[in-house]
Amino acid sequence: MPTIPRWFDRLGPILWAASLALVAYSFWLAMRAPIEVQMGPVQKIVYVHVPSAIATLIGFGITFAASIAYLATKEWRWDALAASSCEVAMVSATVVMITGPLWARSAWNTWWTWEPRLTTFLILWILYAGYHVVRASLRSHARRTVSAVMGIVFFVNLPIVWKSIEWWRGSLHPKNVTMTPEMRGTLLVGMAAWMLFYAAATLQRLRIEWRAEARAEAGNPDSAGAPGGARA
Amino acid sequence: MTYAVIAYLITIALWFLWGVATLRRERSLRDD
């Protein structure tokens, strides 16, 4: 029966403490960062919006890699990593989807516009929301294989999101941003903080997969890969 | 300033809710 590795118990609290401290520090830096001349204080949204977007892309990238590894090895741990990373990235993507319009209202005088980056990111969000809906509706091994296929196919949209501001005209997202060294430092700390937070959250989410697998091996095969309320 | 504060509060709230849900899911699997 799979038991949660001991290093999870050791590393988890350290990661949580470090990431929460760094996130709090990045909020404090954001509060003290210089106020941008044109946009005013609302520009400070960038210190949580951009790091969350990067964490989203990395999270879905890890889902992609783990999905390939699962199909190649059929080892449940890869499926567990893919699903865990995907869920954490989904929350990050939701943060991006909420903070973006708050920024847009001030910067572009509209909550939403169908410009390339926004449109492709919305498609990304819908695709990965579909990943979770489909995964929750399937059982055991079919769940894992179908999830892995989705994790690979949906990844195609990531480079499109990344390159959208170059490939299409009419993008409101800037290609280059001029920042003071203080602003850039705040953004870098924010990125480090949310990367660490992503790692802590994914490790935490993996514990559910471990318990579900242990439960399945103990005599409830339907619960394999079906953590929480999703078990059939 | 209001929008920036709202953005940060929503970020904290979302992650807090996810954290609570995740801990509850793990506990329910452990207790079963």
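Search region A:215-229 for residues being under 20 Å from residue A:8 (Cα atoms) and within 8 Å of another protein chain (Cβ to nearest Cβ), and hand back the single one that is modelled with the lowest pLDDT. Please lay out each step first, then the result.
Quick first cut of region A:215-229, residues under 20 Å from residue A:8 (Cα atoms) only: A:215, A:225, A:227-228.
Next cut, within 8 Å of another protein chain (Cβ to nearest Cβ) only: A:215, A:227-228.
Numbers: A:215: 85, A:227: 53, A:228: 44.
By that ranking, first place goes to A:228.
Looking at residue A:209, is it at pLDDT 90 or above and among the acidic types (Asp, Glu)? It would help to see each step written out before you state the result.
Numbers: at pLDDT 90 or above: yes; among the acidic types (Asp, Glu): yes.
Yes; evaluated as a whole, the condition is true for this residue.
Of all residues in chain B, count the ones that are in contact with a Gly (Cβ under 9 Å, 6 or more places away or on another chain), more than 7 Å from chain A (Cβ to nearest Cβ) and over 17 Å from residue A:198 (Cα atoms).
1
Residue A:64 is checked against (1) free of Cβ contacts under 8 Å to residues at least 60 places away in the same chain; (2) surrounded by fewer than 23 Cβ atoms within 10 Å (Cβ to Cβ); (3) of a type outside the set (A, V, I, L, M) and fails just one. What number does that condition carry?
(1)
Tally time: how many residues in chain B are in contact with a Ser or Thr (Cβ under 8 Å, 6 or more places away or on another chain) and of a type in the set (Asp, Glu)?
The qualifying residues number 0.
Is it true that some residue in region A:102-109 is within 11 Å of another protein chain (Cβ to nearest Cβ), closer than 17 Å to residue A:150 by Cβ and crowded, with 16+ Cβ neighbours inside 10 Å?
If we filter region A:102-109 for residues that are within 11 Å of another protein chain (Cβ to nearest Cβ), which is where we start, we get A:102-107.
This time we only want the ones that are closer than 17 Å to residue A:150 by Cβ, so: none.
The answer is no, given that none of the residues of region A:102-109 is within 11 Å of another protein chain (Cβ to nearest Cβ), closer than 17 Å to residue A:150 by Cβ and crowded, with 16+ Cβ neighbours inside 10 Å.
Since residue A:95 meets every condition but one in (1) within 9 Å of another protein chain (Cβ to nearest Cβ); (2) surrounded by fewer than 22 Cβ atoms within 10 Å (Cβ to Cβ); (3) touching a residue at least 40 places away in the same chain (Cβ under 8 Å), which condition does it not meet?
(2)
Any chance you could count how many residues in region A:148-182 are surrounded by 13 or more Cβ atoms within 10 Å (Cβ to Cβ), in a helix (DSSP H, G or I) and not hydrophobic (A, V, I, L, M, F, W, C)?
The number of residues fulfilling the criteria is 4.
Would you check if residue A:54 is part of a helix (DSSP H, G or I), out of contact with any Pro (no Cβ under 7 Å at 6 or more places or on another chain) and free of Cβ contacts under 8 Å to residues at least 24 places away in the same chain? Talk me through it step by step, then tell me what you get.
Working: part of a helix (DSSP H, G or I): yes; out of contact with any Pro (no Cβ under 7 Å at 6 or more places or on another chain): yes; free of Cβ contacts under 8 Å to residues at least 24 places away in the same chain: no.
No; evaluated as a whole, the condition is false for this residue.
Return the only residue of A:69, A:17 being over 27 Å from residue A:145 (Cα atoms), free of Cβ contacts under 8 Å to residues at least 40 places away in the same chain and hydrophobic (A, V, I, L, M, F, W, C).
Matching residue, one of A:69, A:17: A:17.
Those residues that are part of a helix (DSSP H, G or I) and out of contact with any Phe, Trp or Tyr (no Cβ under 9 Å at 6 or more places or on another chain), I need them from region A:1-24; list them, please.
Restricting attention to region A:1-24, the residues satisfying the condition of being part of a helix (DSSP H, G or I) are A:6-24.
The answer is A:6, A:7, A:9, A:10, A:11, A:12, A:13, A:14, A:17, A:18, A:21, A:24.
The values are calculated or read from the model by the stated rules, or taken from the named source; none is laboratory data. All values reported here derive from a predicted model rather than from experimental measurement. Positions of Cβ are backbone-derived with ideal geometry, glycine not excepted, and every protein chain shown enters the neighbour counts.
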